[in-house]
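The values are calculated or read from the model by the stated rules, or taken from the named source; none is laboratory data. Remember, predicted model here, so these are calculated numbers, not experimental data. Heads up, the Cβs are rebuilt from the backbone with ideal geometry, glycines too, and the neighbour counts pull from every protein chain shown.
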Amino acid sequence: MPVSHSKHSAPMHYGRRARLAAFSLVASFALVAPAWAVIQALIPLQSLIDDSEQIVLLEVERVDPDRPSMTLRLKEEWKGTAGFEQLPVNLTGDKEKHTPKLLKRVAPRTPVIAFIRKQDKRSQMMLAFTNGTWFQVMATTDGKTTRWGFTHCEIYLRRTFRGTTEELQTVVKDVLAGKRKAPSPDTRAMAGFGPEIEAEAKAKDASK
């Protein structure tokens, strides 16, 4: 299936000071060690949108809990050019041991919105979102080979946004089109995860 390229005008600015502050906070988590602390800084969604070099819609193609790993496929490019069509991700994770949590929240055809930024010539950071769950994926490049690895879920980024994937998609596209600014962070939002896929499916069935 061909990748959809969305065309938008330049993004609206949240404010130079806020954008620079958010970039500094995100950039401070560049990949220079095997494991990293969970991001606890309050990051406005507007700043995350402005400072990301690529924002893309991905879809989970397959999940292998035994390895553990998953493969993501590029569906749409909303900002910048991703430079990949398919993305294998090692799900081993770091000391936070969030892999079991994430595996309960991804499955084939699960949509994932990814905010990507280079940290240096050899590394990139992806902050990904699916249905209320944020998670971090780091990439390291050695020659022509780039390897992507899940580190942990970003439980505090629920203050940035904690709605559904469809709701975030609408917000991001509207912001990139210059239709509105992103909502402010919800400082009252509890750290945590979005619903598990099975639990979400049961809730939908019960509401019918």
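Do we find that PHE129 is buried (at least 16 other Cβ atoms within 10 Å of the Cβ), without any contact (Cβ under 8 Å) to a residue 40 or more places away in the chain, closer than 16 Å to ILE39 by Cα and of a type outside the set (A, V, I, L, M) in this structure? Considered against the rule, which asks whether it is buried (at least 16 other Cβ atoms within 10 Å of the Cβ), without any contact (Cβ under 8 Å) to a residue 40 or more places away in the chain, closer than 16 Å to ILE39 by Cα and of a type outside the set (A, V, I, L, M), PHE129 comes out as yes.
Scanning the range 75-116 for residues that are part of a strand (DSSP E or B), of a type in the set (A, V, I, L, M) and in contact with a Leu (Cβ under 7 Å, 6 or more places away or on another chain) turns up LEU87, VAL89, VAL112, ILE113, ALA114. Count of the range 117-131 residues, restricted to those that are assigned to a loop (DSSP other than H, G, I, E, B) and more than 17 Å from LEU57 (Cβ to Cβ), is 2.
Evaluation of GLN86 against the conditions (1) surrounded by fewer than 21 Cβ atoms within 10 Å (Cβ to Cβ); (2) in contact (Cβ under 8 Å) with a residue 60 or more places away in the chain; (3) not aliphatic (A, V, I, L, M) shows that the sole unmet condition is (2). Out of the residues in the range 96-126 that are more than 13 Å from the chain's Cα centre (by Cα) and over 22 Å from GLU196 (Cα atoms), which is surrounded by the most Cβ atoms within 10 Å (Cβ to Cβ)? Ranking the qualifying residues of the range 96-126, first place goes to GLN119. Among the residues of the range 96-130, those identified as of a type in the set (Lys, Arg) and in contact with a Phe, Trp or Tyr (Cβ under 9 Å, 6 or more places away or on another chain) are LYS101, LYS104, ARG105, ARG117. Total residues in the range 132-146 satisfying the condition of being at pLDDT 95 or above and either surrounded by fewer than 16 Cβ atoms within 10 Å (Cβ to Cβ) or of a type in the set (S, T, N, Q) (or both): the figure is 2. So, of the residues in the range 43-74 that are of a type in the set (Asp, Glu) and either part of a strand (DSSP E or B) or touching a Cys at 6+ places or on another chain (Cβ under 8 Å) (or both), which turns out to be surrounded by the fewest Cβ atoms within 10 Å (Cβ to Cβ)? So, considering only residues that are of a type in the set (Asp, Glu) and either part of a strand (DSSP E or B) or touching a Cys at 6+ places or on another chain (Cβ under 8 Å) (or both), the one surrounded by the fewest Cβ atoms within 10 Å (Cβ to Cβ) is ASP64.
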